[in-house]
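J.: What follows is a single structure, and I will ask about it in a moment.
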Amino acid sequence: LKTPEFANSTIRDKHMITIWVLCSLFLLAASAVSAFASSSPSAPMRNILVTGGNKGQGLALCDRILSEDDGSRVFLCSRDLQRGQDAAEKLRCELKERGIATCIGENNGDRIEVIQLDVTSDESVASAAKCVQDILQSSPGDDSGGLYGVVSNAGILWGYPLSELMDVCAIGVR
């Protein structure tokens, strides 16, 4: 077997490859969202759950979904509830400045729902699933039947021990 070329490269080069891969994945996800982002008033609500939605690529993807599809609602998931709420408030303000509504119809429901979710915890996943289910069942006029999509974006990179990085980004996801 031949060793891949990048295996012998420097740490800096490996980080650049990681960044390139992450950017490529983000662009691919954003393109997929754009492909089905058209909406009509009679279309059912498209509910999309985004893990790691409180910052970085996840927050940018929430913004893009809400910006390009007025028939969408995002479940912005964050390990830390306060950080998720802060991110959602910032996103609401930014969307409002661009003239994009974050309310759903006349009932003034919110197109951004913040959900506390730690993808490495069975209890957190079960609690988040129940919370999403409750919101979907209690949304008047939402005949979508459930989630339209899930973006598994939760992850950590810098400043964490390798064991925690592997748990969050690979082997520990529930």
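No lab work stands behind these numbers, since they all come straight from the coordinates. Just so you know, these numbers come straight off a predicted model, no measurement behind them. All Cβ positions, even for glycine, are placed from backbone atoms using ideal geometry, and neighbour counts span all protein chains on display.
J.: Which value in nm describes the separation of the simple spin-label points at I100 and Q133, placed 7 Å from the Cα toward the beta carbon?
T.: 3.1 nm
J.: Can you give the FRET efficiency for Q82 and L162, using 1/(1 + (r/R0)^6), R0 = 30 Å, r = Cβ-Cβ distance, to the nearest 0.05?
T.: 0.65
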